[in-house]
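J.: My questions all concern the structure below.
The values are calculated or read from the model by the stated rules, or taken from the named source; none is laboratory data. In this text, all values refer to a predicted model and were calculated from it rather than measured experimentally. Note that we place each Cβ from the backbone using ideal geometry, even for glycine, and neighbour counts take in every protein chain shown. Only protein heavy atoms, including side chains, enter the accessible area calculation; ligands, DNA and RNA are left aside. Shrake-Rupley method; radii C 1.70, N 1.55, O 1.52, S 1.80 Å.
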Amino acid sequence: MTFRTDSKAIVSIAVRQLAESVRRQGGLGSSLNAGITGNEGTKIHGDFANYADRDFPGHQLFSEITLQTSVQSDSLPFHLLVQGRCDMVAISPEGRVTLIEVKGFRGHARSIPQDGDPVHLAQALIYSHMLFDSDFFDSQGFATQEIDVQLRYIAFESGETHIVQNSWTREALTSHFLQICAAFTKAMVPLYEHRFTRNELNQKASFPYEQLRDGQRQMMQEVIAAVRDKAVLFVQAPTGIGKTMATLYPAIKAQANGLTNQIFYLTPTRSQRKIAESTLDDLESQGFYIRSLTLRAKEQICLSPEHFCDIKQCPYAIRYYEQLQDALEKSYEHRRLLPEDVQALAKAHNLCPFEFSLALMPTVDVVICDYNYIFNPRIRFQNFLADPKQRYTLLVDEAHNLARRSREMFSAVLTISGLLALRKGLAQCRPEPGNDRRIHDSACLSSDRLIQSLTQFRELLLGTDAQATESALYEELKAHHPVKRDQFLATKSLPPRLLAEVATLAGIMTRFFADHPEFPGRQAMMIPYFDLLYFLRVSERYYSDSYITTWRTGEREELYMTLLALDASTLLTDIYRDQSPVVFFSATLSPLPYYTSLLDARTTTERPEIVNLPSPFQKERRLVICYEAHSLRYGDRSQSMASIARLIRDVAGLRKGHYLVFSPSFYYQRQLARALSDLKAQDIEFLAQPQQMTDKQKNAFLARFQEARSVKSLVGLTVIGSLFNEGVDLVGEELTGVIVIGTGIPGMSPERDILRQYYDAKTGSGFEYAYVWPGFNRVTQAAGRLIRSEDDFGIVLLIDDRYGRSDYRQLIPEDWSAHHIENRDECLEVIDMFWKDYN
Ligand code: SF4
């Protein structure tokens, strides 16, 4: 955090951060309290505070002393302000002072270095210096030149305590502190200089384009107000407004004026990340100065995938901190840190590229990344984001996707095959007799027990409903309100017996891995082990009334046990509300109350700002028809198949062009392809999306649309909600028509039906939440493929009689000016007229 006094800026830093940035050594797995969460750390500290007088009898005890000191030097371009709270100071009856720094750890006490972890020791020594520098001793009415510095390690599982203690003179502590500050400030100077230049240039620089588009000015004003007021803003901004620039430009201006530290541009697609990068380039071409980082997923940037992130083995992890500082310094040669740059720098310095991206993050102005890094508890930058001093701005692009993704992020799954992989790894380890053997045997026993429990569930699912409901297991589940449908079972809560088995296995596996850093088969155990830890974490931290537990069988009789989040709005909101301004924006956030409630749990009590901008394109360039002659409800579909095939043929025959046809399912698409082929249309070429499609196949499919118009019309068959629903930009003649068959509602499933019941109880609109609204969003996304630029034009044909119902009429955007037609000849006539007028 940086702010200015009259002459120099003040850089403020927490003691923990200062110690970590300078004293961290060794590899990624070397931190002793890795794996201890914030809440667990708080508990360890709280427990110690409660029994400290037992360990320090007769002492005067002072907990949580707030300390602060500053470093000023003519040679530095800033003043350094160091702040923190030391855990405890004890003064014995004889006047001997001990400063105590408490740390939790997992694993074995023998892994603690003789002098303690270097970061922990540095922290304790900095606090000790700051204690001397404060008025603490004066206020206690005595003086001393030496204190005892104690690192007190407390094992999270067992409470076992390990103490490292040494005496330090005041002089030695001061010298240590100055050394640390010198190293830190040396590393800080390039960052400070960058920010100084950035603020000066970005305050002066002006908007990079000659003209603002319609709606763009209003969007920019709303964004800057949201950043200033730390507000939550929802913007429905149709394609063409220039929303990337309309969010980044004001946020960067706000940053230059000290209203926010860091800007996160969050988007789920690589193509949108590229647009954000080129928007920053456009800003730079007009005098802006921006250091940005684009993050890529761990598995895509990894330099050693065969190590499965076993940080005790991966060559890019084991000496991570040794070259980190050099790599960070080198990174200042780049302004746009793209994944390729990060990977190259990491490789040159033997660093894990993913961890290196995280280390780079606090040094850049704009981070461009997927939602996961902010919202997914498995991946998110926990330490950085939880720091209340960080003032960051979240710009959430394509925000409608986050609503769906958030449910997946907060859900956790265990499978029998994953547990069997753990068990197989255990069988490959040959422990020494004694304690090691006992832990290994206990891990084997615990995994066998959990596998056996899940196998019982599989048997229950594979039997008939009558057999299931009469079983002892079903009887045990009755207290948890079970629902059984075919090969699916759900309960409101996770049965305590299973939770206990998961917790026992997770605890024992953690201990086992700490004791066995190397053995054949260890790496193959990492992914199921992480899944196990996450499952436990979700059950302990997030599980609430908005969750259910489900069991479902899959291919080869796999069993999936899932903690399924039905509604993650509160969990999402807790991440940003009161902490950071957020702008949720998308071309389709309709219906707005649906998306605001999914993304902001406090929407009814603390109203967010909502802006709904009109499309900047001419309405006359698009014809929208709701053709209501057919029911596309599941049971009625076959009746209209032949007629719809003829309609598609005739529509594509009215004007040679490129058309995308969205079917309600792959099954439907296969039937439709057959019906179209029976028509033997000579002047139309059909192309069908297979159910599984590689990137190469997808690009080849799109390339056909990008070819020049031929003598034949091209009709691409695809499925609503699949690969071509979003992120496809076909311009001009590349796409001249979109036909959507059905209302886009997702297929029925027991999970979705439980979702319906949940929202029925919560809002009274369960069917809309579970089916109608997410379905209609897919329809608007599909229709949105047509007009991507001001030169685009064409027709959108929505086929389903439900579009005539009042609830759907309310959903259809007004500026579509949709024609509601039930007669086939009239439908073709209106389209023909449109083309004649257009031509
Ligand atoms: S992401 Fe790759 S390089 Fe990094 S620790 Fe994991 S295995 Fe190693």
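J.: Hey, how many Å between the Cα centroid of segment 102-160 and the Cα centroid of segment 287-325?
T.: If we compute the Cα centre of each part, the gap is 31 Å.
J.: With each pseudo-label sitting 7 Å past Cα toward Cβ, what's the K492-N839 distance in nm, one decimal?
T.: Label-label distance for K492 and N839, simple model: 6.5 nm.
J.: Also: Measure off, as a whole percent, the carbon and sulfur share of the 1.4 Å-probe accessible area of segment 619-838, all protein chains present. Could you put the intermediate results ahead of the total?
T.: Values: 4560 of 9710 Å².
C and S atoms contribute 47 percent here.
J.: Sticking with the crude label model, points 7 Å out along Cα→Cβ, report the distance from K347 to R670 in nm, one decimal please.
T.: 4.3
J.: Relative contact order of segment 568-656: what whole-number percent is it, with Cα pairs under 8 angstrom and at least 6 residues apart?
T.: 25
J.: For F78, list long-range residues whose amide hydrogen, built 1.01 Å from N in the peptide plane, is under 5 Å from its own amide hydrogen.
T.: For F78, no residues qualify.
J.: For a quick check of your reading of the filter: which trypsin sites (Lys or Arg not before Pro) in segment 113-189 sit in a DSSP loop and have no more than 15 other Cβ atoms within 10 Å?
T.: On the way: sites: R152, R170, K186; in loops: none.
Sites meeting the loop and neighbour criteria: none at all.
J.: On to the next question. Report, in deg cm²/dmol and to the nearest 500, the calculated mean residue ellipticity at 222 nm for the chain, where each DSSP H run with n ≥ 4 adds -39500 (n - 2.57) and the sum is divided by the residue count.
T.: My calculation for the chain gives -13500 deg cm²/dmol from helical runs alone.
J.: Any idea of the accessible area per residue across the chain, 1.4 Å probe, to the nearest Å²?
T.: On the way: 36560 Å² over 839 residues.
Ligands and nucleic acids excluded, the result is 44 Å² per residue.
J.: Obtain the nm distance between the two label points defined at A187 and R449 by a simple spin-label model: each point lies 7 Å from its Cα along the Cα-to-C-beta direction.
T.: Label at A187, label at R449, 4.4 nm between them.
J.: Quick one: Cα centre-to-centre distance for segment 213-270 and segment 623-639, in angstrom?
T.: So the separation of the two Cα centres works out to 40 Å.
J.: Please report, in debye to the nearest 20, how large the charge dipole of segment 412-565 is about its Cα centre when each Lys and Arg carries +1 at its beta carbon and each Asp and Glu carries -1 there.
T.: 220
J.: If you don't mind, another one. Please report, in debye to the nearest 20, how large the charge dipole of the chain is about its Cα centre when each Lys and Arg carries +1 at its beta carbon and each Asp and Glu carries -1 there.
T.: 1020
J.: To continue, here is another question. If you roll a 1.4 Å probe over segment 96-155 with all protein chains in place, what percent of the accessible area is carbon or sulfur? Each step should come with its number before you reach the end.
T.: Working: 870 of 2020 Å².
Ligands and nucleic acids excluded, carbon and sulfur reach 43 percent.
J.: Of P528, A226, L178, which is farthest along the charge dipole of the chain in the positive direction, counting Lys and Arg as +1 and Asp and Glu as -1 at C-beta?
T.: P528
J.: Which lysines, on any chain, are close to K8 with Cα under 24 Å apart, when same-chain ones fewer than 8 places away are left out?
T.: K186, K204, K253, K389
J.: Please sort 81-90, 481-490 by packing, taking for each peptide the average over its residues of neighbouring beta carbons within 10 angstrom, highest first.
T.: Per-residue Cβ counts within 10 Å, averaged per peptide and sorted highest first, yield 81-90, 481-490.
J.: Next up: In sequence order, what are the phi-derived ³J(HN,Hα) couplings for segment 149-154 according to the Karplus relation 6.51 cos²θ - 1.76 cosθ + 1.60 with θ = phi - 60°, rounded to whole Hz, with x for glycine and proline?
T.: 10, 10, 9, 10, 8, 10
J.: From a point 7 Å beyond the Cα of R809 in the direction of its Cβ, which residues of segment 815-839 have a backbone N at a distance under 18 Å?
T.: Backbone N within reach: 815-823.
J.: So which aspartates and glutamates pass the test for K484, namely a Cα distance under 18 Å, with those fewer than 8 places away in the same chain ruled out?
T.: Excluding near neighbours in sequence, the set is E459, D465, E470, E475, E476, E557, E558, E751, D753.
J.: Using amide H atoms built in the peptide plane, which far-off residues or other-chain residues are under 5 Å from Q262 H to H?
T.: It is R391, Y392, T393, by chain and number.
J.: Subtract the Cα-Cα distance of T469 and D115 from 0.36 nm times their separation in residues, and report this length gain in nm to one decimal.
T.: Net length gain for the segment: 121.5 nm.
J.: Rank-order 556-563, 460-467, 253-260 by packing density, defined as the average count of other C-beta atoms within 10 Å over each peptide's residues, highest first.
T.: Numbers: 556-563: 17.9, 460-467: 13.5, 253-260: 19.4.
Highest-to-lowest ranking by the protection proxy: 253-260, 556-563, 460-467.
J.: Another one. Carbon and sulfur together cover what percent of the accessible area of segment 375-487 at a 1.4 Å probe radius?
T.: For segment 375-487, the apolar C and S fraction of the accessible surface comes to 50 percent.
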